[in-house]
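Enquirer: Take a look at this one; I'll ask things after.
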Amino acid sequence: MKRRLLFSTALAWTALGVLPACAESPVRPLPLLSPPSTSNRIGSLMQLSVVDRASGRELPIYRDRGEYWVAGRPGARYAIRARNAMGERIMAVMSVDGVNVVTGETAGVLQNGYVFSGGERSDISGWRKSDSQIAAFEFTSIGNSYASRTGRPDDVGVIGVAMFRERVPVPPPAPPVAFPRRDGVDSREMERRRSEAPSAVEEAAPAAPAAQARSADSALGAEAAASAKGGLARPSPPTPSLGTAHGRRETSHVGHTTFERAQSTPDEVVRIRYDSRENLIAAGVIPVPPPARWPRPEGPSAFPGSEMGYVPDPPARY
């Protein structure tokens, strides 16, 4: 299908005390907390990250129960950073809050997207408004998100990227080599004579109608949408959850190209969910160390001045 497109190893430390014989049993050490599973970039065909545009820093991506999460800050502008890790062109269909970032449609994997050349990197910073302008991505409240304001609040809080390889054209077969025959008629002439004779076998009908392929794709899309709605349930988050606003206009130029997908289903799909740091801490996505304990004083010594040995004599009388 041709479409016109826009261009941790953890170190655990324990203190071991050496005690003399006849001392008390050693105190059992407290269990150590496992460090959070974090990274800055994920993806195989393309390396993906979320960038805080004010600082230029890639936000940590937390992995929790099979989901990837980033912590956003209300009012902060962000970008989806994508780098093609392959030596071939890759098409990336991108969505934010269930909305295609190029067309504004309710997102589907067979829609328009961005095409990246081999090794190319780019920051996708907003909703595409034209060939030269975008509306910036900005973390905001759910009610102020672009998806909610356009009547689609159900999938707010997720970034999606569906990646496709390009179909490689099959080279045409080499022309047959003509060998002379003993009767003077070469093989090409014989083939021409056969083609002019009436065919005894009718041409077979197509094996699979296109409607079946479309219905299979629809079922796949419905299954993906159903799985996207599952996830971490938070009945009452401590702070309002986040969405992505239709921010201020910015200059961003793209070109046009054509791209034929190698197949109708994505070669890879990456999903990154986001919310405020406070909500992710409350949900256990971002582990926090326990608060510092009050240092217990050493306390009085039962034998403050005693030395090893025997009871000394009392002082002499005057």
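Every number here is computed from the coordinates shown, using simple stated rules; none is lab data. Computed from a predicted model, the values in this text were never measured in an experiment. Neighbour counts are summed over all protein chains in view; Cβ atoms, including those assigned to glycine, are modelled from backbone coordinates with ideal geometry.
Enquirer: Please list 250-257, 237-244, 81-88, 156-163 highest first by mean number of surrounding beta-carbon atoms within 10 Å per residue.
Expert: 156-163, 237-244, 81-88, 250-257
Enquirer: Could you please state, rounded to a whole Å, how far the C-alpha centre of the range 54-112 is from the C-alpha centre of the range 241-318?
Expert: If you average the Cα positions of each part, the centres end up 25 Å apart.
Enquirer: Could you sort 115-121, 290-296, 266-272, 165-171 so that the peptide with the highest average Cβ count within 10 Å comes first and the rest follow in order?
Expert: Going from most to least packed, we get 266-272, 115-121, 165-171, 290-296.
Enquirer: Between Thr257 and Val269, 0.36 nm times their residue separation minus their Cα-Cα distance comes to what?
Expert: Full extension of this stretch gives 2.1 nm more.
Enquirer: His246: net charge of surrounding residues, Cβ under 14 Å, Lys/Arg +1, Asp/Glu -1, itself excluded?
Expert: Neighbour charge sum, excluding His246 itself: +4.
Enquirer: Sorted by mean Cβ packing within 10 Å, highest first, what order do the peptides 40-53, 276-289 take?
Expert: Descending packing order for the listed peptides: 40-53, 276-289.
Enquirer: From the P(r) of the range 253-318, can you give the percent of Cα pairs sitting at distances over 17 Å?
Expert: Taking all Cα-Cα pairs of the range 253-318, the fraction more than 17 Å apart is 79 percent.
Enquirer: Which value in nm describes the separation of the simple spin-label points at Gln133 and Tyr310, placed 7 Å from the Cα toward the beta carbon?
Expert: Result for the modelled spin labels: 10.2 nm.
Enquirer: So, in nm, how far is label Arg149 from label Ala174 when the simple model puts each one 7 Å beyond its Cα toward the Cβ?
Expert: 6.3
Enquirer: Using every pair of alpha-carbon atoms in the range 33-174, split the distances into 5 Å bins beginning at 0 and state the percent of pairs per bin, rounded to integers.
Expert: Pair shares across the bins are 2, 9, 17, 21, 21, 15, 7, 4, 2, 1, 1, 0, 0, 0.
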